[in-house]
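Everything on this sheet refers to the single structure shown next.
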Amino acid sequence: MNIRAELAKFLNLCFVFSSAYMFWQTYSIVADTHSPIVVVLSGSMEPAFQRGDILFLWNRNKYSNVGDIVVYEVEDKQIPIVHRVLREHHSVKDNGKQLLLTKGDNNAGNDIPLYAGKKTYLNKNKDIVGTVKGYLPQLGYVTIWVAENKYAKFALLGFLAITSLLGDE
Amino acid sequence: MSKPVNVYSISEVSQTINESLPDVMKRLGYEETFELVDQKLLIGYSTAIVAAISFIIDKKFVHDNIVKYQQILVGTYFVLSVIFWFFKKYVEKTIVYSGKNGTEIIKLKTEYEENKPIYNMTLIDNKKKTLTSSLEINKVFNSEGYLQTDLLLEWVKQQLTTLSNKKK
């Protein structure tokens, strides 16, 4: 076995993962958000977005506007929520603090029942992950499929392993 | 024993010849040197390690507390990637073998054109003499697709002799 040839092959594999990850990390820094790409998990924003749509976020805007679609996180809940800004209040004095009320286009009521700690508004600076600036339809469905089906995860990992083994041949 | 290759695929043929060059050169008295490969691996793995550090601290710490570190890591990754690309494109180029025989150092660059059954080799020695030769692949592969290493050795030996006799 030629150790250098094996190391070179493994390096190619490292580059596949590292370049994808560093693209994501670079976008994260540029967009100023910890999660710049999210997948729509529910139908609450239909017909604007469907389950499986991939959303690209931007978080360098000082204020969100009514009508913007934002992604926010609720304390102690891992899953980000994608909803539209229904109402906003901002203060020019209090360091530009902005409060937002959101609602899913496909939901009957606003999101107050979803907010943590009996809050009635979201804080733009603390709770908002980003504003949606672009999307790719349906391409994120594979992540939903993997998350919701335990066998799918193993099938996907098996497929990747077999592909890499055959690729080495 | 080597495996048969699809002789209608010049990339497969070229790769098979490239892989056999270290053995052929060894039989001709050359010892392979790995400076270029080692430098490439060093740069490449440094790049991968930077990405791994970025990934680990992203998982371990809150995003807002490590933005500065992530900026430094992303910048470092970008610089190392450019160095790696530059190294492959302008330093390593298409060199597939480098070796020495006493004080003589030889580098072999190989290339091929799609759909042409010709394997091109450029030999470069430490006196900066170069020789470019073309090998018709049916001269070293039999009809079953097996590489005839003795024939390849003879051909390489001829090129080395031509190179050493060549005036600068």
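Would you check which residues across region B:54-72 are open to solvent by less than 80 Å² (accessible area, probe 1.4 Å) and more than 8 Å from chain A (Cβ to nearest Cβ) and list them?
Our first condition is that a residue be open to solvent by less than 80 Å² (accessible area, probe 1.4 Å); within region B:54-72, this holds for B:54, B:57-58, B:63, B:66-67, B:70-71.
Of everything in region B:54-72, those that are open to solvent by less than 80 Å² (accessible area, probe 1.4 Å) and more than 8 Å from chain A (Cβ to nearest Cβ) turn out to be B:57, B:66.
From the list B:112, B:90, B:77, which residue is within 30 Å of residue A:17 (Cβ to Cβ) and open to solvent by 80 Å² or more (accessible area, probe 1.4 Å)?
B:90
Which residues, counting only those in region A:24-53, are under 30 Å from residue B:68 (Cβ atoms) and either assigned to a helix (DSSP H, G or I) or hydroxyl-bearing (Ser, Thr, Tyr) (or both)?
Just the residues of region A:24-53 that are under 30 Å from residue B:68 (Cβ atoms), to begin with: A:24-39.
Selection gives A:24, A:25, A:26, A:27, A:28, A:29, A:30, A:31, A:33, A:35.
Quick one: in region A:56-70, which of the residues that are of a type in the set (A, V, I, L, M, F, W, C) and more than 16 Å from residue A:32 (Cβ to Cβ) is surrounded by the fewest Cβ atoms within 10 Å (Cβ to Cβ)?
Just the residues of region A:56-70 that are of a type in the set (A, V, I, L, M, F, W, C), to begin with: A:56-58, A:66, A:69-70.
Cutting the leftovers down to more than 16 Å from residue A:32 (Cβ to Cβ) gives us A:66, A:69.
Numbers: A:66: 11, A:69: 21.
Step by step, filter region A:56-70, then rank; the result is A:66.
Determine which single condition residue A:45 fails, assuming it passes every other condition in (1) away from chain B (no Cβ under 14 Å); (2) at negative phi; (3) in contact with a Ser or Thr (Cβ under 9 Å, 6 or more places away or on another chain).
Checking residue A:45 against (1) away from chain B (no Cβ under 14 Å); (2) at negative phi; (3) in contact with a Ser or Thr (Cβ under 9 Å, 6 or more places away or on another chain), the one that fails is (3).
Just to be sure I understand the filter: pairs with C-beta atoms under 6 Å, separated by 6 or more residues or on different chains, first member in region A:1-16 and at the interface with chain B (Cβ under 9 Å from one of its Cβ atoms), second member open to solvent by less than 90 Å² (accessible area, probe 1.4 Å). Which pairs pass?
A:4/B:37; A:7/B:41; A:11/B:44; A:14/B:48
Is it the case, given these coordinates, that residue A:103 is of a type outside the set (Asp, Glu) and modelled with pLDDT of 85 or more? If you could, list the steps in order and put the result at the bottom.
Values: of a type outside the set (Asp, Glu): yes; modelled with pLDDT of 85 or more: yes.
Taking the combined requirement at face value, the residue satisfies it.
Condition check ((1) under 19 Å from residue B:23 (Cα atoms); (2) more than 20 Å from the chain's Cα centre (by Cα); (3) of a type in the set (Gly, Ala, Ser); (4) modelled with pLDDT of 90 or more) across all residues:
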| residue | (1), (2), (3), (4) |
| --- | --- |
| B:84 | no, no, no, yes |
| B:97 | yes, no, no, yes |
| B:112 | no, no, no, yes |
| B:131 | no, no, no, yes |
| B:135 | yes, no, no, yes |
| B:141 | yes, yes, no, yes |
| B:153 | yes, no, no, yes |
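Conditions tested, residue by residue: (1) open to solvent by less than 30 Å² (accessible area, probe 1.4 Å); (2) within 30 Å of residue B:41 (Cα to Cα); (3) touching a helix residue (DSSP H, G or I) at 6+ places or on another chain (Cβ under 6 Å); (4) modelled with pLDDT of 90 or more.
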site: A:17; (1), (2), (3), (4): no, yes, no, no
site: A:23; (1), (2), (3), (4): no, yes, no, yes
site: A:45; (1), (2), (3), (4): yes, no, no, yes
site: A:72; (1), (2), (3), (4): yes, no, yes, yes
site: A:75; (1), (2), (3), (4): no, no, yes, no
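Could you look through region A:47-70, keep only residues that are among the charged types (D, E, K, R) and farther than 21 Å from residue A:97 by Cβ, and pick out the one that is modelled with the lowest pLDDT? Quick ask: steps written out before the conclusion?
Within region A:47-70, the subset among the charged types (D, E, K, R) is A:51, A:53, A:60, A:62, A:68.
Restricting the remaining residues to those that are farther than 21 Å from residue A:97 by Cβ gives A:51, A:53.
On the way: A:51: 90, A:53: 93.
So the residue we want is A:51.
Mind listing whichever residues of region A:17-42 are closer than 23 Å to residue B:81 by Cβ, of a type in the set (Gly, Ala, Ser) and more than 10 Å from chain B (Cβ to nearest Cβ)?
A:31
Can you tell me which condition residue B:38 does not meet? The list is (1) in contact with a helix residue (DSSP H, G or I) (Cβ under 9 Å, 6 or more places away or on another chain); (2) within 9 Å of chain A (Cβ to nearest Cβ); (3) surrounded by 13 or more Cβ atoms within 10 Å (Cβ to Cβ), and all the others hold.
Among (1) in contact with a helix residue (DSSP H, G or I) (Cβ under 9 Å, 6 or more places away or on another chain); (2) within 9 Å of chain A (Cβ to nearest Cβ); (3) surrounded by 13 or more Cβ atoms within 10 Å (Cβ to Cβ), residue B:38 violates only (3).
So, in region A:79-123, exactly how many residues are open to solvent by 10 Å² or more (accessible area, probe 1.4 Å) and either β-branched (Val, Ile, Thr) or in contact with a strand residue (DSSP E or B) (Cβ under 9 Å, 6 or more places away or on another chain) (or both)?
Of region A:79-123, the ones open to solvent by 10 Å² or more (accessible area, probe 1.4 Å) are A:79-82, A:84, A:86-95, A:97, A:99, A:103, A:105-110, A:112-121, A:123.
Then drop every residue that is not either β-branched (Val, Ile, Thr) or in contact with a strand residue (DSSP E or B) (Cβ under 9 Å, 6 or more places away or on another chain) (or both), which leaves A:79-82, A:84, A:86-92, A:97, A:99, A:103, A:105, A:107, A:109-110, A:112, A:114-115, A:120-121, A:123.
Selection size over region A:79-123: 25.
The values are calculated or read from the model by the stated rules, or taken from the named source; none is laboratory data. Note that the structure is predicted; figures quoted are calculated from it, not measured. Every residue, glycine as well, gets a Cβ built from its backbone with ideal geometry; the counts of neighbours run over all protein chains shown. Just so you know, the surface numbers come from the protein's heavy atoms only, side chains and all, with ligands and any DNA or RNA stripped out. Shrake-Rupley method; radii C 1.70, N 1.55, O 1.52, S 1.80 Å.
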